[in-house]
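Have a look at the structure below, then the notes.
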Amino acid sequence: MSTATATAGAPAKAATGEGRIGPRANLRHIGALARRNMLQIKQDPESMFDAVLMPVIFILLFTYVFGGSIGGKGNEREYLNYLVPGLMAMMGMNISMAVGTGINDDFKKGVMDRFRTMPIARSSVLVAKIVVEVGRMLIATSILLGMGFALGLTVSTSVLHLLAAVALSMVFGASLMWIFILLGLTMKTPQAVQGIAMIVLMPLQFGSSIFAPTTNMPGWLEAFTEYNPLSNLADAARHLIRGGPVAHSVWMVLAWSVAITAVTAPLAVSRFRRKT
């Protein structure tokens with residue numbers, strides 16, 4: 001084989017030889033790609049509307065439209081203290097859905113094709129997406145809590161417990177992103193990703209303890225809510241903020257997060273490599 005031929009084949013070989021990329025290089029790639037994604041948000045600030053406006057709309061809507069019916073007229077503040085920890089779980093799920101539609105759109109624009117020709121780990125492209133979306137999720141959660149405090153939310157435990165509730169929401173939200181990334185890599189259009197996501201999200205959200213206690217639900221639905229990860233996250237956040245037994249709910253959320261990531265992350269990376 002000639003030297004010229006060997007040289008010409010080197011970039012292609014490097015582009016596919018991601019197994020030789022060490023942890024440091026991988027972290028550098030993730031950082032560079034995350035900065036690229038953040039610059040995209042800077043150039044298109046409208047992409048932050050969902051993270052900024054969604055928590056404001058949800059907390060006002062559910063507190064003042066449904067609060068009187070669920071919590072009793074005049075007990076809106078009491079219902080607010082029940083609702084906000086549950087909405088922390090809902091924020092993570094809704095922000096995560098945007099990852100799938102975004103990555104599907106990036107493929108249509110050819111952005112991901114360029115990334116796949118570079119000598120970088122394929123997982124770094126997806127992890128960088130998750131890093132930026134976790135940042136958006138943190139902004140949405142901060143606005144939610146800010147609105148909650150303005151309307152009368154109280155923390156009965158401590159600031160550390162509140163931060164633990166936020167961190168738990170971030171961990172679970174990040175695991176969900178792998179599901180939506182996989183959907184984004186599988187479905188043909190962003191609309192299809194959003195449609196499938198809503199079919200899954202609606203039963204999980206409303207068949208949970210996010211909006212109302214589960215004690216008055218039918219027996220079969222109450223049994224479902226016990227294993228619903230959103231119920232476990234809402235209960236964990238609620239007990240961390242308001243006080244109560246947290247161990248079972250926290251361990252359930254962490255178990256769900258690890259299981260979801262362990263199953264969907266390798267599938268998403270594999271699908272990313274093979275997608276045409």
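Looking for something modelled with pLDDT of 90 or more, in a helix (DSSP H, G or I) and more than 20 Å from ALA236 (Cα to Cα) - is there at least one such residue anywhere in segment 109-130? Yes, that holds for at least one residue.
Here GLY100 meets the list (1) open to solvent by 50 Å² or more (accessible area, probe 1.4 Å); (2) touching a Gly at 6+ places or on another chain (Cβ under 6 Å); (3) assigned to a helix (DSSP H, G or I); (4) of a type outside the set (A, V, I, L, M, F, W, C) almost entirely, failing just condition (1).
When the criteria are applied in full, PHE149 meets the requirement of being at pLDDT 90 or above and aromatic (Phe, Trp, Tyr). The condition (being among the aliphatic types (A, V, I, L, M) and within 15 Å of SER257 (Cβ to Cβ)) is satisfied by just one residue among MET170, MET198: MET170. Annotation note: of VAL258, VAL166, the sole residue that is assigned to a helix (DSSP H, G or I), touching a residue at least 12 places away in the same chain (Cβ under 8 Å), under 21 Å from GLY135 (Cα atoms) and out of contact with any helix residue (DSSP H, G or I) (no Cβ under 7 Å at 6 or more places or on another chain) is VAL258.
If you go through segment 167-193 and pick out every residue that is under 27 Å from ALA237 (Cα atoms) and either modelled with pLDDT under 90 or small (Gly, Ala, Ser) (or both), you end up with 5.
The set of residues from segment 223-253 being open to solvent by 60 Å² or more (accessible area, probe 1.4 Å), hydrophobic (A, V, I, L, M, F, W, C) and in contact (Cβ under 8 Å) with a residue 12 or more places away in the chain comprises just one member, PHE224.
The values are calculated or read from the model by the stated rules, or taken from the named source; none is laboratory data. All figures in this text were calculated on a predicted structure; none of them were measured in a lab. A quick note on method: Cβ atoms are made from the backbone with ideal geometry, for glycine too, and the neighbour counts reach across all protein chains shown. Note: accessible area is taken over every heavy atom of the protein model, side chains too, but ligands, DNA and RNA are not part of it. Shrake-Rupley method; radii C 1.70, N 1.55, O 1.52, S 1.80 Å.
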